[in-house]
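Everything on this sheet refers to the single structure shown next.
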Amino acid sequence: MTQSTEIINEIIKSRRSTKPRFFNGNKIDNSVVWQILENANWAPTHGLTQPWRFKVFTDSGLEKLANFQANLYKQLTTEEKFKPEKFERMKTNVLQSSHVIIICMQRQKSEKILRDEEIEAVACSVQNMALTAQAYGICSFWGSGGVTYTQELKEFLGLSEKDLCLGYLYLGYSDNPATQSRRSPIQEKVEWFD
Ligand SMILES: Cc1cc2nc3c(=O)[nH]c(=O)nc-3n(C[C@H](O)[C@H](O)[C@H](O)COP(=O)(O)O)c2cc1C
């Protein structure tokens, strides 16, 4: 037991968000990506709705996604606000990744479970993926900028009206993974009642 507690503490604490621009272009085996997805599927879920849905982009799928989102950014941005470097980054972030998993929430037909709880369940599934990636020496980054919350992306992904896109999980290897982050002490965020 000691060994597994040490392992989980280490994996949780060492997981970092490494931006895709630090990825080295090496490919993750699809079998490992499936293991990451399998672990996502074991997240807790109220009413067992399992609302997580994932759209996995790799190989030529990455090119489609890169072009789609860069062009969409251009289309949705006024001339004064348009930044060519952002347009380029919207492509390179995707193209430098081995796989991009787009994180979606499928709304339950009956809508019995609160929408916030469905989003919470999806977030749990994403953390399972980030921790699994960490255990495999794979870098991950949850990004929710750019075109994440647009109707056009929802349509591109084939989502229904009440479903949501919650961001992209970029996966890749890096020669220079992020190691630093910071947190204020947990003691400042906890109240005990005893
Ligand atoms: C829901 C969610 C959305 C995020 N979106 C972004 C984002 O759009 N851009 C960004 O730079 N980081 C984003 N992040 C990652 C955070 O920046 C990162 O977790 C934070 O800086 C702490 O770094 P660490 O994960 O290495 O500890 C997001 C994280 C979460 C949980």
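Every number here is computed from the coordinates shown, using simple stated rules; none is lab data. Computed from a prediction, not measured in an experiment: that's the story for all the values here. Glycine also receives a Cβ, built like all others from the backbone with ideal geometry; neighbour counts cover every protein chain displayed.
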message: Need one number: nm distance between label points at residue 74 and residue 157, each 7 Å from Cα along Cα→Cβ, rounded to one decimal.
response: 2.4
- line: Placing each pseudo-label 7 Å from Cα in the direction of the beta carbon, residue 88 and residue 136 end up separated by a distance in nanometres of 3.1
Virtual spin-label span in nm between residue 81 and residue 42, 7 Å along Cα→Cβ: 4.3
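Grab the beta carbon distance between residue 179 and residue 29, set R0 = 22 Å, and tell me the FRET efficiency rounded to 0.05. Numbers along the way, then the final one.
Values: r = 24 Å, r/R0 = 1.10.
With a Förster radius of 22 Å, E is 0.35.
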query: How do 107-115, 183-191 rank on mean C-beta neighbours within 10 Å, highest first?
result: 107-115, 183-191
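Work out the length of the dipole vector of the chain about its Cα centre, built from +1 on the beta-carbon of each Lys and Arg and -1 on the beta-carbon of each Asp and Glu, and round it to the nearest 20 debye. Spell out each step's value before the answer.
On the way: 24 positive and 23 negative charges, 87 e Å.
The calculated dipole for the chain is roughly 420 debye.
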field: J(HN,Hα) series, the range 100-105, from Karplus relation 6.51 cos²θ - 1.76 cosθ + 1.60, nearest Hz, glycine and proline x
entry: 10, 9, 7, 8, 10, 10
message: On a 25 Å Cα-Cα criterion, which of the cross-link pairs 27/154; 83/162; 19/64 come out too long?
response: 27/154; 83/162
- request: Could you work out the local net charge near residue 111, counting Lys and Arg as +1, Asp and Glu as -1, over the other residues with Cβ closer than 10 Å to its Cβ?
  value: +4
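For the chain, what is the calculated [θ] at 222 nm in deg cm²/dmol (nearest 500), taking -39500 (n - 2.57) for each run of four or more DSSP H residues and dividing by its residue count? Each step should come with its number before you reach the end.
Values: 6 runs with 81 residues, N = 194.
Dividing the helical sum by the residues of the chain leaves -13500 deg cm²/dmol.
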message: Using the Karplus curve 6.51 cos²θ - 1.76 cosθ + 1.60 with θ = phi - 60°, what ³J(HN,Hα) values do you get for each residue of the range 108-120, in whole Hz, with x for Gly and Pro?
response: 4, 4, 6, 6, 5, 7, 4, 4, 4, 5, 5, 5, 4
message: Under the rule of at least 5 residues apart or a separate chain, name every residue whose amide H is placed under 5 Å from the amide H of residue 174.
response: 24, 139
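May I ask you to work out the translational diffusion coefficient for the range 90-194 at 20 °C, viscosity 1.002 mPa s, via Stokes-Einstein with Rh from the Kirkwood sum over Cα pairs, reported in whole µm²/s?
Values: Rh = 16.1 Å.
My calculation gives 133 µm²/s for D.
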query: Which ordering of 21, 15 is given by a fewest-first count of other beta-carbon atoms within 10 Å?
result: 21, 15
message: Which log10 I(q)/I(0) values does the range 1-157 give at q = 0.14, 0.18, 0.21 Å⁻¹ under the Debye formula, counting every alpha carbon as one identical point scatterer?
response: -0.80, -1.19, -1.39
- prompt: Whole number please: convex hull volume per residue of the Cα set in the range 1-75, in Å³?
  reply: 178
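Give the peptides 145-156, 87-98 in descending order of average Cβ contacts within 10 Å, highest first. Each step should come with its number before you reach the end.
On the way: 145-156: 15.2, 87-98: 19.6.
The peptides rank, most packed first, as 87-98, 145-156.
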- line: Expected max-MSF residue from 22, 82, 54 in the GNM of the chain (alpha carbon, under 10 Å) is 82
query: Taking the Cα centre of the range 19-172 as the origin and placing charges on Cβ (Lys, Arg +1; Asp, Glu -1), which of 92, 150, 172 is farthest toward the positive end of the dipole?
result: 92
